[in-house]
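Visitor: Starting off with a structure, shown below.
The values are calculated or read from the model by the stated rules, or taken from the named source; none is laboratory data. Predicted, not measured: the structure shown is a model, and the values here were computed from it. Cβ atoms come from the backbone with ideal geometry, glycine included; neighbour counts cover every protein chain shown. Ligands, DNA and RNA are stripped out before the accessible areas are found, and what is left, the full protein with its side chains, is counted by its heavy atoms. Shrake-Rupley method; radii C 1.70, N 1.55, O 1.52, S 1.80 Å.
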Amino acid sequence: MMSVAEALAEAERDFVARNPQSEASHQRAAQVMPGGNTRTSLWSAPFPLTIASGEGCRITDVDGHIYVDLVGEFTAGIFGHSSPVLAAAVAKAHANGINLSSHNTLEVRLAELIAARFPSIDLLRFTNSGTEANLMALMVAKAATGRSKIVVFDGGYHGGVLTFAGGGSPVNAPLDFLVLPYNDIEAAEAAFAENDIAAVLVEPMLGAGGCHPARQDVLEALRRLTREHGAVLIFDEVQTARMAHGGVQARTGVTPDMTTLGKFFGGGLAFGCFGGRRAIMETMDPRRSGALGHAGTFNNNTLTMAAGIAAIETYLTADNLDALFARGEDLRARLNGVFTDAHAPYHATGMGSILTIHGDDPAGDIALRRLLQFDLGRAGYHIAARGLIALSLPVSEAEIAGFLQAVGDAVAARRAVYGSLAAA
Ligand SMILES: Cc1ncc(COP(=O)(O)O)c(C=O)c1O
């Protein structure tokens, strides 16, 4: 009986044989970037695919294989890979003059559109990434409260220097973090009883941490505790803003003091944003003496501002986001149905259009996830090595039906391998 490890080794050999150009690209990249990589989350052994082009919800790698892209640029690629609307907006902004050396009309419009959507945002500022948005929100919260301790959650991800899987990372920003278990009201209550807390930074769903949604009562408890203790509640909605026109805060009715955004609100370009209650954000009002500084050459760059406006007006409408949410809920239910019917050791968790496939192996589920990823890749479906699926708007029922069929075929073909798990 072939073990999971043996099946994975075989699948890896097959992957290497099928992808000589991606391997060559990786080796070339490794001459100038550590491990050939400039973005750790994209790494997977033996080497990641190099993608040559994309159109709609499909991507083509340098060896000529075409995949339905279900990674959706880790949620940022909600538009798919080609958009005449976004292209025209960027071209128009470019023709009108880039790098204008001052305030411009586009930043005002984008700020108005975003502030109007989110219950928590009276005033906002732009950054160049979600990471930077979270760093700025934390700094502002510290300054506003005069305290330093910041509550975050195990498994939370707020950017490359704000990552809390397994407790933390050596490259995290050197802030005074208190890492609590996610979805644990008692732990939060104890933390507030024992500490003077400046801010709580929380994802309404752990995204990179495996697509585990926060419980409603937990979000409500965090709201109550922060209010009682004068701390700033920050929702990181960099991923979850797509769950509704006003994000998860609108869905749950829990309004934080501050919100951070990123990814798709830049219309495909580098983007971040933090905003919140007037009294907090006004600490950065440069008309005031002693105002907090917040700089950034590209904070208001016209190309991003124009793309963001076009994205909101054309794609990120309430109807589109509600439909995408429903499509994701439906996909997750059907996918779990496929796993259950086939007695396959997998399950999917998530919210709306963002989900993660987990392997049910007490010895660790990485190998099971990778095996499924290789099998689905062969069948023409691209999911992340960690099991993430983030639907984009161009993914239709036809792609979803094809994907579910491919999952069913893949797990049926591995039945004997799963049997080795039970035997182990
Ligand atoms: C929830 C969350 N917050 C923050 C970030 C960081 O955003 P960026 O990659 O734009 O710095 C991410 C990125 O994946 C994220 O998922």
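Visitor: Out of (1) loosely packed, with under 14 Cβ neighbours inside 10 Å; (2) of a type in the set (A, V, I, L, M, F, W, C); (3) in contact with an Asp or Glu (Cβ under 6 Å, 6 or more places away or on another chain), the odd one out for C57 is which?
Guide: Among (1) loosely packed, with under 14 Cβ neighbours inside 10 Å; (2) of a type in the set (A, V, I, L, M, F, W, C); (3) in contact with an Asp or Glu (Cβ under 6 Å, 6 or more places away or on another chain), the lone unmet condition for C57 is (1).
Residues are listed down the side, and each one gets a yes or a no for (1) touching a strand residue (DSSP E or B) at 6+ places or on another chain (Cβ under 6 Å); (2) within 16 Å of the ligand (Cβ to nearest atom):
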| site | (1), (2) |
| --- | --- |
| D257 | yes, no |
| F264 | no, yes |
| G275 | yes, yes |
| A279 | no, no |
| L292 | no, no |
| A306 | no, no |
| T314 | no, no |
| A323 | no, no |
| G337 | no, no |
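Visitor: I'd like the residue in region 121-143 that is touching a helix residue (DSSP H, G or I) at 6+ places or on another chain (Cβ under 7 Å), more than 15 Å from the ligand (Cβ to nearest atom) and open to solvent by less than 50 Å² (accessible area, probe 1.4 Å) and, out of all such residues, is farthest from G267 (Cα to Cα).
Guide: V140
Visitor: Also, I was wondering about something else. Output the number of the condition that F126 fails; it satisfies all remaining conditions of (1) outside any loop (DSSP other than H, G, I, E, B); (2) assigned by TED's automatic domain parsing to the domain that holds A385.
Guide: If we test F126 against (1) outside any loop (DSSP other than H, G, I, E, B); (2) assigned by TED's automatic domain parsing to the domain that holds A385, just (2) comes out false.
Visitor: Right, next: Being within 15 Å of the ligand (Cβ to nearest atom), in a loop (DSSP other than H, G, I, E, B) and not aromatic (F, W, Y): is that true of N172 here? Show your work before the answer.
Guide: Values: within 15 Å of the ligand (Cβ to nearest atom): yes; in a loop (DSSP other than H, G, I, E, B): yes; not aromatic (F, W, Y): yes.
Criteria met by N172.
Visitor: To continue, here is another question. Output the qualifying pairs, or none if there are none: Cβ atoms under 6 angstrom, residues six or more apart or on different chains, first residue in region 139-158 and on the phi < 0 side of the Ramachandran plot and part of a strand (DSSP E or B), second residue open to solvent by 50 Å² or more (accessible area, probe 1.4 Å) and away from the ligand (no atom under 15 Å from the Cβ).
Guide: Qualifying pairs under 6 Å: K149/D176; V152/V179.
Visitor: If you don't mind, there's one more thing I want to ask. Can you confirm whether F298 is in contact with a Gly (Cβ under 8 Å, 6 or more places away or on another chain) and not basic (K, R)?
Guide: Numbers: in contact with a Gly (Cβ under 8 Å, 6 or more places away or on another chain): no; not basic (K, R): yes.
For F298, the condition - in contact with a Gly (Cβ under 8 Å, 6 or more places away or on another chain) and not basic (K, R) - is not met.
Visitor: Within region 11-44, which residues are open to solvent by 60 Å² or more (accessible area, probe 1.4 Å) and within 16 Å of the ligand (Cβ to nearest atom)?
Guide: Within region 11-44, T38, R39, T40, S41, L42, W43 qualify.
Visitor: Kindly evaluate V218 against the criterion of being touching a residue at least 40 places away in the same chain (Cβ under 8 Å) and under 30 Å from D360 (Cα atoms).
Guide: On the way: touching a residue at least 40 places away in the same chain (Cβ under 8 Å): no; under 30 Å from D360 (Cα atoms): yes.
Judged against the criteria, V218 is not a match.
Visitor: Can you tell me which residues in region 94-120 are under 24 Å from D257 (Cβ atoms) and either of a type in the set (S, T, N, Q) or open to solvent by 90 Å² or more (accessible area, probe 1.4 Å) (or both)? Step through it out loud before you land on a result.
Guide: From region 94-120, those under 24 Å from D257 (Cβ atoms) are 107-108, 110-120; that's our starting set.
Correct list: E112, S120.
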